[in-house]
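Participant: Mind having a look at this structure? Questions to follow.
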Amino acid sequence: MIANRLKIGLSACFLHADPLRSLFTGKTLQYVEQSIAHWIMSSGAMVVMVPCPTGVTQRGDVTYDHYAQWLDGLVLHGGSDVWPGSYGETPLDEKWAGDRIRDEYDKALVAAFEAQGKPVFGVCRGLQLLNVAYGGTLYQDIQTQVPQSFVHRDAKTYDQNYHSVDILQGTRLSALYPGVERVRVNSIHHQAIKDLSDEFTAEAYSVDDHLIEAIRRKDSARSYIAAVQWHPEFHQPGSDTIDDGALLEDFLVAAAAAQHRTPHT
């Protein structure tokens, strides 16, 4: 029945007001990328984009807390760079200035869902934002700051750019993929974790340049937080990339537990 379906919040991407844009001139747009919504819905869960409730045109009294109370979990969408000021740095290049407004929105969402004991799963930017929200830092640009690295984002091939990742044995991620030590993932990012927050443990690393590719909250007694640097929603059945099903199921089990604890109205 619909009443028993999981309700998963999905963070929004922002397209800020631009007076030169021909469509929606001067208006701020908030949207989701279709693949990640469909990925979550593939489980039977319902997806709700959580719009930013604050801003110059704010009307009504809806808050992040209202969404966190009503929904069973939160997925943090990929997208724009994280603003370096979020982790105490200035942009090395203006093109890496990121989106400060979206950072504050995402951090407020995470805080609201954590306060309600609801699980959070991050994808790509979501992993980076979670690390920063809990005191970690980022490489603003991998190729600039990690010169021995390989290409983690190729604009031409986009989601067809791949590399190998080693799963750290003994972690929860390794338990989700028993007997698997190395997997192939898509790679669509130019920023990455530099200093890992004390809140998290790393669960996977990219082969050769050893960048962190998956994280999970250390304290399993607290609410569920996990994230991956790749995009599981882009996995194609039958491909040789890591199967996305175990990641999604692990998160949704936590969401189902949250639903059981919180009666919906």
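Participant: Going residue by residue through segment 54-75, is there one that turns out to be more than 25 Å from residue 94 (Cβ to Cβ), surrounded by 13 or more Cβ atoms within 10 Å (Cβ to Cβ), among the small types (Gly, Ala, Ser) and out of contact with any Cys (no Cβ under 7 Å at 6 or more places or on another chain)?
Facilitator: yes
Participant: Follow-up question, since we're still on this one. Taking segment 30-72 as the search range and keeping residues that are part of a strand (DSSP E or B) and either among the charged types (D, E, K, R) or at pLDDT 95 or above (or both), which one is farthest from residue 233 (Cα to Cα)?
Facilitator: The first filter runs over segment 30-72 and keeps only residues part of a strand (DSSP E or B), leaving 30-31, 46-50.
Of the ones still in play, those that are also either among the charged types (D, E, K, R) or at pLDDT 95 or above (or both) are 46-50.
On the way: 46: 16, 47: 14, 48: 16, 49: 16, 50: 19 Å.
Ranking the qualifying residues of segment 30-72, first place goes to 50.
Participant: I'd like the full set of residues that are closer than 20 Å to residue 76 by Cβ, in a helix (DSSP H, G or I) and out of contact with any helix residue (DSSP H, G or I) (no Cβ under 6 Å at 6 or more places or on another chain), limited to segment 159-188.
Facilitator: 172, 173
Participant: Suppose we filter segment 76-97 for residues that are assigned to a helix (DSSP H, G or I) and either surrounded by 23 or more Cβ atoms within 10 Å (Cβ to Cβ) or of a type in the set (Lys, Arg) (or both); how many remain? Walk me through it before giving the result.
Facilitator: Taking segment 76-97 first, the residues assigned to a helix (DSSP H, G or I) are 84-87, 94-96.
Subset that is either surrounded by 23 or more Cβ atoms within 10 Å (Cβ to Cβ) or of a type in the set (Lys, Arg) (or both): 95.
Selection size over segment 76-97: 1.
Participant: Go through (1) loosely packed, with under 13 Cβ neighbours inside 10 Å; (2) free of Cβ contacts under 8 Å to residues at least 60 places away in the same chain for residue 42 and report which single condition fails.
Facilitator: (2)
Participant: Any residue at all in segment 4-23 that is farther than 30 Å from residue 142 by Cα, in contact (Cβ under 8 Å) with a residue 12 or more places away in the chain, surrounded by 21 or more Cβ atoms within 10 Å (Cβ to Cβ) and aliphatic (A, V, I, L, M)?
Facilitator: The answer is yes; a qualifying residue exists.
Participant: Name the one entry in 81, 93, 106, 99 that is of a type in the set (Asp, Glu) and in contact with a Leu (Cβ under 7 Å, 6 or more places away or on another chain). Outline the logic, then answer.
Facilitator: Numbers: 81 fails: in contact with a Leu (Cβ under 7 Å, 6 or more places away or on another chain); 93 fails: in contact with a Leu (Cβ under 7 Å, 6 or more places away or on another chain); 99 fails: in contact with a Leu (Cβ under 7 Å, 6 or more places away or on another chain).
From the options 81, 93, 106, 99, the qualifying one is 106.
Participant: How many residues are outside any strand (DSSP E or B) and surrounded by 24 or more Cβ atoms within 10 Å (Cβ to Cβ) if we restrict to segment 215-230? Break it down stepwise before answering.
Facilitator: Our first condition is that a residue be outside any strand (DSSP E or B); within segment 215-230, this holds for 218-224, 229-230.
So of that shortlist, the ones also surrounded by 24 or more Cβ atoms within 10 Å (Cβ to Cβ) come out as 229-230.
Within segment 215-230, residues that are outside any strand (DSSP E or B) and surrounded by 24 or more Cβ atoms within 10 Å (Cβ to Cβ) number 2.
Participant: Just for segment 98-146: of the residues that are assigned to a helix (DSSP H, G or I) and in contact with a Gly (Cβ under 6 Å, 6 or more places away or on another chain), which one is nearest to residue 220 (Cα to Cα)?
Facilitator: Going through segment 98-146, the residues assigned to a helix (DSSP H, G or I) turn out to be 100-115, 125-133, 142-145.
Filter once more, so that each one left must be in contact with a Gly (Cβ under 6 Å, 6 or more places away or on another chain): 125, 130.
On the way: 125: 23, 130: 16 Å.
Checked segment 98-146; the qualifying residue nearest to residue 220 (Cα to Cα) is 130.
The values are calculated or read from the model by the stated rules, or taken from the named source; none is laboratory data. What you see is a predicted model, and the numbers here were worked out from it, not measured in a lab. Heads up, the Cβs are rebuilt from the backbone with ideal geometry, glycines too, and the neighbour counts pull from every protein chain shown.
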